[in-house]
Amino acid sequence: MVERLLLGIGQCGIDIVDNVSRDLSLPTAAVDLDKYALHASDAERTVYVKESGGGVVGEGFKIDHQIDLDSIEQLKDMLEPFDVVYVISALGGRAGGVLMPAVVKLALKMGKRVNGKIILPFETEESRRRIAELYLDTVRELFTEIDVYDNHEYVQQADGDIDMDSIHSLQSIFEEVNRDILREIQSDIVYRRERQR
C-alpha cells in the first residue's frame, strides 16, 4: 500500500493543509522557520527548522547547507514512512522560496515521489510576486510533479466583484485555491489506485 503525506511548508502551505486535510484523511505535517505558525497548526507532525547561519531571501538556496543538524534528522524521520509527499507551499517568502526546495531535495534524495502544489502571490504583492517568479523556474525542476496556483489568475477569473481590500473577497479566492488543490490530490490518489489494479 502506498503511504502518502500532506506537507505544508510556510504559513500559506500550513493553512491549506489544515483546511484540506479533513476531506483527504491523509497524515499531515507542517514545516516552518516560525515556531508560532507551527504551534497554531493542526498538523500531526511539525518540524521547526533552525538555521545554523544567516542568509536572506535572494541568496539562492543557501539554506540547504545551513539547516541545523537536529532539523535534518527530524525532517528525515518525518518523511521516512511515506512513499508520496504532497508539498504545499507559497513562493515569495523565505519558507516557500528557500526552505521548501531544501525539504523537496531531501525527500527526493530519500526516494520519495514529490508532488508540488505551489501558490503564487497576488500581483499587488509586488516584491513577493517578483521573488516568486524568479524562484518558480528553479523549483519547477525539483518536483516529480507540480501544479501552480496563481492568485492573480483567480482574481482575473472572478466575476468582477473581487476587491483586494476586502477580507470576504480574499477569503473566497483562498477557498477556491483550497478546493482546486483538494480536487487535484483526490484525482491523483484515485488515478494511482486505478493504475495499481
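Derivation of every value follows stated rules applied to the coordinates shown; laboratory data play no part. Everything numeric here is computed off the predicted structure, so don't read it as measured data. Note: ideal-geometry Cβ built from the backbone for every residue, glycine included; neighbour counts use all protein chains shown.
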| request: Could you tell me the distance between the Cα centroids of segment 117-135 and segment 69-115, to the nearest Å? | output: 20 Å
| said: For LYS50, what residues show an amide H to amide H distance below 5 Å, using hydrogens built from the backbone and excluding near sequence neighbours? | reply: ASP68, SER71
| remark: segment 113-131 scanned against label point 7 Å out from ARG192 along Cα→C-beta; backbone N under 12 Å for 113-116
| note | When SER172, SER71 are arranged by how many other beta-carbons sit within 10 Å of their Cβ, fewest first, they go SER172, SER71
